[in-house]
Amino acid sequence: MSKIVLIDGHSILNRAFYGLPDLTNAEGLHTNAIYGFLNIMFKILEEEKPDYLTVAFDVHAPTFRHEMFADYKGTRKPMADELRQQVPVMKDVLHAMGVRTVEKEGLEADDILGTISCRCEKEGMEVVVISGDRDLLQLATEHVKIRIPKTKKGGTEVEDYYASDVKERYLVTPKEFIDVKALMGDASDNIPGVPNIGEKTATKIIAEYGSIENAYEHASELKPPRAAKNIVEYWEQAKLSKELAAINIDAPVDYNLAEAELTDLYTEAAYEYFQRLQFKNLLSRFDVQAKSNSVEDAFRIITDKEEARRIVDKAKTAETAGLVLYKNLKNVLPLFASGAGFGGIGIAFGKEDIYCIPAGEGIEESWLLEQAREIANNVARFVMFDLKSALPYIPIRPEREEHCFDATVAAYLLNPLKNDYTFEDVAREQLNLMIDPKADTEAKVCYEAYTAYAASEPLWEKLTETQMDRLFKQIEMPLVFTLFDMEQNGVMIESEALRFYGNQLGSKIVELEKEIYEMAGEEFNINSPKQLGVVLFEHMQLPNGKKTKTGYSTAADVLDKLAPDYPVVSKILEYRQLTKLKSTYADGLAAYIGEDGRIHGKFNQTITATGRISSTEPNLQNIPIRMELGRLIRKVFIPEDGYVFVDADYSQIELRVLAHCSGDKELIQAYREAKDIHRITASQVFHTPFDEVTDLQRRNAKAVNFGIVYGISSFGLSQDLSITRKEASQYIERYFETYPGIKEFLDDTVAHAKEMGYVVTLFGRRRPVPELKSSNFMQRSFGERVAMNSPIQGTAADIMKMAMIRVDKELKNRKMKSRLVLQVHDELLIEAWKEELPQVEELLRECMEQAAELDVPLIIDMHTGENWYEAK
DNA sequence: TTAAGCTCC
DNA sequence: AATCTGGAGCTTAAT
């Protein structure tokens with residue numbers, strides 16, 4: 001017996017839309033409803049294995065009851081824009097998959113579904129109807145199953161209804177379901193029903209009498225007298241309601257079953273669509289092997305040393321070579337980290353020259369690595385993904401650095417918003433090459449090498465088109481080597497002192513724990529916000545316990561307000577501080593100390609949206625400084641014997657960048673003369689002579705200065721300064737009056753971003769801002785703040801990168817022993833050989849202050865010390 | 001895996 | 001009518 005699945009298109013889209021978090025693709029297109037729809041559809045198809053499939057849509061986008069308001073009468077919301085824009089795309093996607101869709105002017109999807117369902121059942125088919133709308137239950141029979149998906153946590157659950165299930169659950173048959181609705185009405189469908197009859201009464205009446213007609217004839221017997229009276233009084237209305245409630249099962253629908261036959265959904269067109277929508281999980285459903293990847297024919301696995309020798313010799317003279325180092329073949333890419341388990345190389349230097357060369361019996365690891373080094377240092381263009389991680393094995397001579405091309409970094413510049421930059425993605429995006437996720441490791445190695453080889457050109461073209469070619473060549477690529485040096489250098493830790501610090505924290509924590517249990521009158525996990533909230537706001541009855549959806553907020557700003565009145569709260573805050581210090585810093589850092597007594601953290605170049613560098617394993621960019629107790633941690637960061645720390649940080653680099661980019665005369669002038677920019681700002685904003693500015697005025701001016709850089713709102717500023725929103729907006733207004741160039745610049749930047757879809761730094765780095773297209777006020781506002789902040793933060797990052805490169809290069813050129821060890825966004829830490837100290841100081845100041853020439857001076861503060869605490 | 005909390009610039 | 005300062009990473013608890 002053949003089977004058909006019918007889907008209520010808008011209903012399922014709507015379910016998916018409200019059941020999933022907002023997703024957007026790179027174009028700023030919202031995709032969550034489509035994604036959810038497809039997941040539900042695939043799940044159903046796998047379960048049902050039907051022969052036919054059809055999706056029905058309403059011609060005019062219907063309104064929907066928002067789930068939250070489903071119980072309220074008459075609260076239909078118009079379809080959200082984010083959902084509306086997904087509807088035509090959804091239809092396109094279905095068509096790309098060869099799925100039949102039906103819609104007809106004047107018909108609701110219900111009627112289409114009812115009609116097709118009825119026709120198919122008559123043909124002796126099994127019918128499965130998918131909808132989120134319970135009205136469809138009236139269509140259920142022995143052969144028509146209604147399936148209602150529920151988006152729950154951890155996947156979708158589906159409620160199934162044959163006729164008997166409807167009866168069991170609602171006490172009436174599917175046909176009677178229409179009569180129930182006729183009596184109770186449905187405000188959202190404009191079905192009036194009969195007054196004073198709700199769901200309970202309606203169900204009871206229909207369960208007993210089977211139809212409104214029969215109930216009408218026995219009106220005098222009806223239970224609640226009011227119902228009896230009204231059913232007579234409103235009989236015409238009841239009949240009309242029944243007509244409205246009934247789904248038409250004989251509508252004039254042009255429908256040919258043959259067109260609905262379920263064929264292979266995973267077409268090339270669908271693949272391209274999924275790719276564009278960035279449905280990565282769904283892409284894996286496609287049987288990529290079926291597609292002819294002609295490059296695959298060129299893949300060769302080389303085990304013979306003579307052949308390997310011929311290949312690498314040829315590679316050395318190649319124009320462009322893509323290389324990959326891989327672990328043992330059992331291990332999955334990406335690259336090995338620690339050196340153990342080197343498996344071999346992948347190399348590509350032409351469309352017909354793509355090789356995987358495993359290290360093995362005839363081909364020694366050391367020989368192979370040596371060949372890789374020679375290739376890297378001889379080809380005109382050497383391309384890898386994540387070059388920095390290969391540099392320990394393949395050192396690049398300084399004069400050869402400019403011949404290197406890191407495809408990961410290039411892909412990052414082209415779209416810094418992505419989470420990762422895999423070779424599979426780059427192959428897909430740049431080469432239109434689809435890689436089978438199930439391919440064996442050798443094939444993947446070949447693919448990666450080939451992608452590196454072949455993608456460098458389109459990547460470079462795109463960098464040129466977007467005018468980021470200079471940024472790439474002059475800043476990002478050289479930075480790869482600087483960051484590598486910094487990682488290799490690492491920073492020395494006095495591990496004894498660190499352990500002592502941790503132990504001290506440990507004892508203090510135990511003490512505090514006892515005191516808190518004592519004061520609370522019970523023992524609980526203080527680290528659990530959930531438990532803590534219950535103890536504080538329920539058991540101990542502390543005031544103001546309202547906040548957040550998952551319980552009480554126990555965030556520091558909430559507890560701060562309570563601390564003066566409740567000593568236990570102060571203890572808890574102290575406990576939090578100490579446990580944070582111990583777990584993240586004392587114990588956390590200790591775990592990363594290497595055999596050389598140093599921490600070699602990672603500095604990541606392809607993470608942030610703005611162009612900053614990030615630091616992981618461990619994060620060395622968030623070592624405490626604000627609180628004294630935390631700041632002490634910095635005493636364990638020490639230079640090696642014979643060395644001293646030199647720490648230099650830019651003074652207000654972001655504000656200076658803003659002054660330059662905006663060209664604001666006042667602010668530029670202020671910086672050219674400046675001793676104290678916040679005081680000058682206060683003086684100008686508050687119309688107070690410079691020398692008479694109060695501390696409060698200065699503090700406020702400083703907060704406004706920061707707020708401006710972050711993309712200010714009056715609310716944020718008012719929070720920050722504990723003033724009213726009105727006062728805050730007055731501050732901002734006066735600030736903009738004082739510095740009209742800044743207002744103009746920020747407005748222009750947002751306008752440009754809205755038009756172009758991205759913002760740019762002074763050095764050409766781009767950041768897309770898809771949020772600006774959102775119809776959601778909050779999202780759009782976020783986009784505006786991002787548009788204001790990113791060019792400033794990004795330009796500062798660009799400048800720091802240029803400075804680092806110069807510092808690193810200069811130290812190496814002069815063959816100095818001093819070395820760069822840390823970067824913290826606007827700060828560099830150098831481990832300086834004591835004899836070189838004066839040179840280092842001069843060089844640092846020169847490189848940093850002259851890194852870029854702006855209309856305002858770039859100034860650094862510099863200190864030396866025997867540890868990081870002293871040097872900062 | 002996510003949320004809440006905390007650390008930094 | 002609503003909104004409610006930008007960029008990161010790590011640890012813990014709870015799912």
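Output the residues belonging to region A:704-735 that are within 12 Å of residue A:681 (Cβ to Cβ) and more than 8 Å from DNA strand C (Cβ to nearest atom). Spell out the reasoning first.
Taking region A:704-735 first, the residues within 12 Å of residue A:681 (Cβ to Cβ) are A:704-708, A:731, A:734-735.
If the condition is that a residue be within 12 Å of residue A:681 (Cβ to Cβ) and more than 8 Å from DNA strand C (Cβ to nearest atom), then A:704, A:705, A:708, A:731, A:734, A:735 are the ones that fit.
Of the residues that sit in region A:814-825 and are crowded, with 20+ Cβ neighbours inside 10 Å and within 11 Å of DNA strand B (Cβ to nearest atom), which one is farthest from residue A:868 (Cα to Cα)? I'd like the intermediate steps shown before the answer.
Going residue by residue through region A:814-825, those that are crowded, with 20+ Cβ neighbours inside 10 Å are A:818-823.
Now narrow it down to the ones that are within 11 Å of DNA strand B (Cβ to nearest atom): A:822-823.
Working: A:822: 11, A:823: 13 Å.
Per the stated criteria, the residue is A:823.
With the condition kept exactly as written, say whether any residue in region A:32-54 is touching a Gly at 6+ places or on another chain (Cβ under 7 Å) and not in a helix (DSSP H, G or I).
Of the residues in region A:32-54, the ones touching a Gly at 6+ places or on another chain (Cβ under 7 Å) are A:36.
From what's left, not in a helix (DSSP H, G or I): none.
So far as region A:32-54 goes, no, none of its residues is touching a Gly at 6+ places or on another chain (Cβ under 7 Å) and not in a helix (DSSP H, G or I).
Table: residues versus (1) out of contact with any Pro (no Cβ under 7 Å at 6 or more places or on another chain); (2) crowded, with 18+ Cβ neighbours inside 10 Å; (3) at pLDDT below 85; (4) not assigned by TED's automatic domain parsing to the domain that holds residue A:447.
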{"position": "A:236", "(1), (2), (3), (4)": "yes, no, no, yes"}
{"position": "A:241", "(1), (2), (3), (4)": "no, yes, no, yes"}
{"position": "A:251", "(1), (2), (3), (4)": "yes, yes, no, yes"}
{"position": "A:261", "(1), (2), (3), (4)": "yes, no, no, yes"}
{"position": "A:274", "(1), (2), (3), (4)": "yes, yes, no, yes"}
{"position": "A:278", "(1), (2), (3), (4)": "yes, yes, yes, yes"}
### Qualifying residues in region A:103-124 (those that are open to solvent by less than 10 Å² (accessible area, probe 1.4 Å) and of a type in the set (A, V, I, L, M, F, W, C)) - the one nearest to the chain's Cα centre (by Cα)
A:109
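Of the residues that sit in region A:455-471 and are open to solvent by less than 20 Å² (accessible area, probe 1.4 Å) and assigned to a helix (DSSP H, G or I), which one is nearest to residue A:427 (Cα to Cα)?
Let us first name the residues in region A:455-471 that are open to solvent by less than 20 Å² (accessible area, probe 1.4 Å), namely A:455-456, A:459, A:463, A:468, A:471.
So of that shortlist, the ones also assigned to a helix (DSSP H, G or I) come out as A:455-456, A:459, A:463, A:471.
Values: A:455: 7, A:456: 11, A:459: 11, A:463: 16, A:471: 23 Å.
Per the stated criteria, the residue is A:455.
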### Query
Of everything in region A:530-551 that's within 13 Å of DNA strand C (Cβ to nearest atom) and modelled with pLDDT of 85 or more, which residue is most open to solvent (accessible area, probe 1.4 Å)?
A:530
### Query
Does residue A:596 count as part of a helix (DSSP H, G or I) and either farther than 30 Å from residue A:831 by Cβ or away from DNA strand B (no atom under 11 Å from the Cβ) (or both)?
no
### Summary
residue A:654: passes all of (1) within 13 Å of DNA strand C (Cβ to nearest atom); (2) over 22 Å from residue A:858 (Cβ atoms); (3) among the acidic types (Asp, Glu) but (2)
### Query
Can you find a residue in region A:620-643 that is open to solvent by 20 Å² or more (accessible area, probe 1.4 Å), within 9 Å of DNA strand C (Cβ to nearest atom) and either closer than 30 Å to residue A:749 by Cβ or modelled with pLDDT of 95 or more (or both)?
yes
### Query
If you scan region A:760-794, which residues turn out to be under 30 Å from residue A:482 (Cα atoms), away from DNA strand C (no atom under 13 Å from the Cβ) and either among the hydrophobic types (A, V, I, L, M, F, W, C) or part of a helix (DSSP H, G or I) (or both)?
A:760, A:762, A:763
### Message
Can you report the number of residues in region A:700-717 which are in a helix (DSSP H, G or I) and open to solvent by 40 Å² or more (accessible area, probe 1.4 Å)?
### Response
4
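Scan region A:796-815 and tell me whether some residue there is of a type in the set (S, T, N, Q), assigned to a helix (DSSP H, G or I) and farther than 21 Å from residue A:621 by Cα.
Within region A:796-815, the first condition is being of a type in the set (S, T, N, Q), and the residues that meet it are A:813.
Still in the list and also assigned to a helix (DSSP H, G or I): A:813.
Then drop every residue that is not farther than 21 Å from residue A:621 by Cα, which leaves A:813.
Yes, that holds for at least one residue.
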#### Entry: Filter result for the condition that a residue is small (Gly, Ala, Ser), at pLDDT 90 or above and within 14 Å of residue A:90 (Cβ to Cβ), over A:33, A:16, A:61
A:33
### Any chance residue A:731 is under 30 Å from residue A:839 (Cα atoms), of a type in the set (Ser, Thr, Tyr) and buried (at least 19 other Cβ atoms within 10 Å of the Cβ)
no
### Task
Kindly list the number of the only condition in (1) touching a Cys at 6+ places or on another chain (Cβ under 8 Å); (2) in a helix (DSSP H, G or I) that fails for residue A:720.
(1)
### Summary
Of the listed residues (A:566, A:501), the one being assigned by TED's automatic domain parsing to the domain that holds residue A:588, under 25 Å from residue A:616 (Cα atoms) and not polar (S, T, N, Q) is A:501
### Query
So is residue A:584 surrounded by 15 or more Cβ atoms within 10 Å (Cβ to Cβ), within 8 Å of DNA strand B (Cβ to nearest atom) and β-branched (Val, Ile, Thr) or not?
yes
### Pick from region A:587-603, criterion within 11 Å of DNA strand C (Cβ to nearest atom) and free of Cβ contacts under 8 Å to residues at least 40 places away in the same chain, ranking: least open to solvent (accessible area, probe 1.4 Å)
A:588
### Task
Find the residue count for region A:678-715, including only residues that are in contact with a helix residue (DSSP H, G or I) (Cβ under 6 Å, 6 or more places away or on another chain) and over 30 Å from residue A:778 (Cβ atoms).
11
### Message
Every residue in region A:21-31 that is away from DNA strand C (no atom under 16 Å from the Cβ) and either part of a helix (DSSP H, G or I) or open to solvent by less than 20 Å² (accessible area, probe 1.4 Å) (or both), please.
### Response
A:25, A:30, A:31
### Query
Got a number for residues in region A:505-529 being within 11 Å of residue A:575 (Cα to Cα), without any contact (Cβ under 8 Å) to a residue 60 or more places away in the chain and open to solvent by less than 80 Å² (accessible area, probe 1.4 Å)?
4
### Query
If you go through region A:557-567 one residue at a time, do you hit one that is near DNA strand C (Cβ under 10 Å from one of its atoms), over 30 Å from residue A:640 (Cα atoms) and buried (at least 16 other Cβ atoms within 10 Å of the Cβ)?
no
### Summary
So, first residue in contact (Cβ under 8 Å) with a residue 24 or more places away in the chain in region A:165-192, second residue open to solvent by 30 Å² or more (accessible area, probe 1.4 Å) and acidic (Asp, Glu), Cβ within less than 7 Å, six or more apart or across chains; the pairs are none
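The values are calculated or read from the model by the stated rules, or taken from the named source; none is laboratory data. Only a predicted model underlies this, so the values are computations on that prediction, with no experimental measurement involved. Don't worry about glycine lacking a Cβ; one is built from the backbone with ideal geometry, like all the others, and counts go over all protein chains shown. Ligands, DNA and RNA are stripped out before the accessible areas are found, and what is left, the full protein with its side chains, is counted by its heavy atoms. Shrake-Rupley method; radii C 1.70, N 1.55, O 1.52, S 1.80 Å.
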